[in-house]
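Asker: Below is one structure. I have some questions about it.
None of the figures in this text is laboratory data; all of them are computed from the coordinates on show. Because the structure is predicted, anything quoted here is derived from the model rather than measured. Every residue, glycine as well, gets a Cβ built from its backbone with ideal geometry; the counts of neighbours run over all protein chains shown.
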Amino acid sequence: MRLYGPFTNQEELDREYDAVAACPDAPARIAGWQVRSARVLDRIEVRRGLRYGPTRAEHLDFFPAGDGAPLHIFVHGGYWRRFAAADFAFLAPAVTEAGIALANVNYALCPEVTIGEIVRQVRAAVAWCHRHAGELAIDRERITVSGHSAGGHLVAMALATDWPGVYDLPADILRGGLAISGLFDLAPLRYTYLQPALQLDGDEIERASPIRHIPRSAPPLTVAVGGAETAEFRRQSREFLAAWRAAGLEGHWLEPPGLDHFAVLEELERPDSELFGALVGLARGE
């Protein structure tokens, strides 16, 4: 008897979706992120805790890169239940040195809120950045977004937003997206160790699975996944990009060889990496 797809039990699914268990050095890598982020927050210019919404969790950290710079918005992962924007400040030096301002988005976490509410918060953060472009001294015509893991999911949902209908903003306020190691179909997560925190039901899976909400029009999207990630993470990325392209949308694929779920994010610290080049190309409109 199958539980989901080819999987017959929760243990099989957990092995595919437990990214930390699949990477023996994950705790050390995460600790390194936090140490490097604390150092960055102490040494480079940053405007911390800018409120984009009414709740305590709805804020972002803004790293400027000069007047008129493009803005790149980064959405962190952690399976919608872990981490904060401050844990990812380590990404800021490489981005800002490339002449691109960075906004690291903070959001509320499951189980205190639903994934659907987190989607709303990230959309609100994007809208806030566009509306406050003058205050931030960024180019509102060059706003792009990336995210890792759950953040990749949130990027895909942001690109599917009805900006004119819901926010009274131009349809093209986002000029490009980069989804790294994303989760685009939430259905299998209902049968994993994550379900007590995520509390997914059929309606939430339908509303918040990006593969079920491919937009009619959208900016260019790059889908990236590490070559050493689990089969399910790679499958989800491949199938989402295929659906994106089938809708006539511009989509690109990156699969850095030998990189696991955590190592692939660290490529954004390396200005010479292909993944960092993809981010810069999006941000500059190249």
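Asker: Of all trypsin sites (Lys or Arg not before Pro) in the stretch 187-249, which ones are in loop regions per DSSP and have a Cβ with at most 14 other Cβ atoms within 10 Å? Walk me through the numbers before you get to the answer.
Answerer: Details: sites: ARG190, ARG207, ARG212, ARG216, ARG234, ARG235, ARG238, ARG245; in loops: ARG216.
Listed in order of number, the matching sites are ARG216.
Asker: In Å, what is the Rg of the alpha-carbon atoms in the chain, and how long is Dmax?
Answerer: 17.6, 60
Asker: Next up: Could you check the simple spin-label distance between ARG234 and ARG270, using points 7 Å along Cα→Cβ, in nm with one decimal?
Answerer: Taking the two extended label points, one gets 1.9 nm.
Asker: If you place +1 on the Cβ of every Lys and Arg, -1 on the Cβ of every Asp and Glu, and leave all else neutral, what size is the dipole of the chain about its Cα centre, to the nearest 20 Debye?
Answerer: Working: 28 positive and 38 negative charges, 83 e Å.
For the chain, the charge dipole is close to 400 debye.
Asker: Still on this structure: Can you figure out the FRET efficiency of SER217 with ALA38, using R₀ = 45 Å and their beta-carbon distance, to the nearest 0.05? If you can, show how the numbers build up before the last one.
Answerer: Working: r = 41 Å, r/R0 = 0.91.
Once rounded, the FRET efficiency stands at 0.65.
Asker: Points 7 angstrom from Cα along the Cβ direction at ARG47 and GLU141: gap in nanometres?
Answerer: Modelled inter-label distance: 2.2 nm.
Asker: Do the sum for the chain: with -39,500 (n - 2.57) for every DSSP H run of n ≥ 4, divided by all residues, what is the mean residue ellipticity at 222 nm, to the nearest 500 deg cm²/dmol? Show your work: numbers first, answer last.
Answerer: On the way: 12 runs with 109 residues, N = 286.
Taken over the chain, the calculation gives -11000 deg cm²/dmol.
Asker: Starting from 0.36 nm per residue, how many nanometres of slack lie between ARG56 and GLU112 once their C-alpha separation is accounted for?
Answerer: On the way: separation 56, 0.36 × 56 = 20.16 nm, distance 1.26 nm.
That works out to 18.9 nm of additional length.
Asker: Assuming 0.36 nm per residue, please report the length gained on full extension of the stretch ALA187 to GLN199 beyond their Cα-Cα distance. Show your work: numbers first, answer last.
Answerer: On the way: separation 12, 0.36 × 12 = 4.32 nm, distance 1.16 nm.
Full extension from ALA187 to GLN199 adds 3.2 nm.
Asker: If R₀ is 51 angstrom, what is the calculated FRET efficiency for the pair ASP25 and ARG284, using the beta carbon separation as r and rounding to 0.05? Numbers along the way, then the final one.
Answerer: Details: r = 33 Å, r/R0 = 0.65.
Using R0 = 51 Å, I get an efficiency of 0.95.
Asker: Quick one: angle between helix 115-131 and the longest Cα principal axis of the chain, in degrees between 0 and 90, rounded to 10, please.
Answerer: Roughly 20 degrees, rounded to the nearest 10.
Asker: Let me ask another. Would you mind checking the tilt of helix 231-246 against the longest principal axis of the Cα atoms of the chain, expressed as 0 to 90 degrees and rounded to 10?
Answerer: That works out to roughly 60 degrees.
Asker: So, one more: Say the dipole of the chain comes from +1 at the beta carbon of Lys and Arg and -1 at that of Asp and Glu; which of VAL126, MET1, ALA19 then lies farthest toward its positive end?
Answerer: My answer, from the dipole projection, is VAL126.
Asker: On a 0 to 90° scale, report how tilted helix 274-284 is relative to the longest principal axis of the chain, with both axes built from alpha carbons and the result rounded to the nearest 10.
Answerer: So the inclination is approximately 50 degrees.
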